[in-house]
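Report on the following structure.
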Amino acid sequence: MRNARVLRDIKARHGVLQSEVTRRAYLYVARNTTLPAQVRHQAQLQLNTFGKYTRPTTVKNRCSETGRGRGIISEFGLCRFQFRLRALHGELNGVRKACCMDSFSQQNS
């Protein structure tokens, strides 16, 4: 079962993805100082009509398992603790626990 925070984050990511092109176009027009003020104002009004989950700042990296918002290893989408558990169980491809002396002595012999 997914956490409510994770579901909200997925919804925000989907909304940002859908409206990215039009949002950037309106932003470009609104910030272009060479255009007339009325055109820029209309573009700003259009930007204000976009919903909450269309802004890129609403997207936050969260752990896909627990919903934790801190200590996220973004390559895997997991928090530090979940990453450690999965790495110890061998569930992550290409990830191994690094033991200082054991692996060093095995490599040199």
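The values are calculated or read from the model by the stated rules, or taken from the named source; none is laboratory data. Predicted, not measured: the structure shown is a model, and the values here were computed from it. Ideal geometry is used to build each Cβ from the backbone, glycine not excepted, and the neighbour counts take in all protein chains shown.
Under 9 Å between Cβ atoms, at least 6 apart or on separate chains: pull out the pairs that start in region 32-59 with a residue that is among the charged types (D, E, K, R) and end on any residue that is loosely packed, with under 15 Cβ neighbours inside 10 Å.
ARG40/ARG31; ARG40/ASN32; ARG40/THR33
Mind checking whether some residue in region 44-59 is of a type in the set (Lys, Arg) and outside any helix (DSSP H, G or I)?
Yes: region 44-59 contains one or more residues that are of a type in the set (Lys, Arg) and outside any helix (DSSP H, G or I).
Here are the criteria: (1) modelled with pLDDT under 85; (2) under 21 Å from the mean Cα position of the chain (by Cα). Tell me which single one ASP102 does not satisfy.
The number of the failed condition is (2).
Test THR22 against the criterion of being surrounded by 12 or more Cβ atoms within 10 Å (Cβ to Cβ), in a helix (DSSP H, G or I) and free of Cβ contacts under 8 Å to residues at least 12 places away in the same chain, and give yes or no.
yes
Which number in (1) under 30 Å from ARG80 (Cα atoms); (2) assigned to a helix (DSSP H, G or I) marks the one condition that HIS41 misses?
(1)
For LEU35, work out the one condition from (1) assigned to a helix (DSSP H, G or I); (2) of a type outside the set (S, T, N, Q); (3) more than 22 Å from the chain's Cα centre (by Cα) it doesn't fulfil.
Looking at each condition in turn, LEU35 falls short on (1).
Any chance you could count how many residues in region 62-98 are touching a helix residue (DSSP H, G or I) at 6+ places or on another chain (Cβ under 8 Å), of a type in the set (Gly, Ala, Ser) and surrounded by 15 or more Cβ atoms within 10 Å (Cβ to Cβ)?
Total satisfying the criteria: 2.
Give the residue, chosen from GLN42, GLN46, GLN38, GLN82, that is in contact with a Cys (Cβ under 7 Å, 6 or more places away or on another chain), modelled with pLDDT of 90 or more and not aromatic (Phe, Trp, Tyr).
After ruling out the rest, the residue left standing is GLN82.
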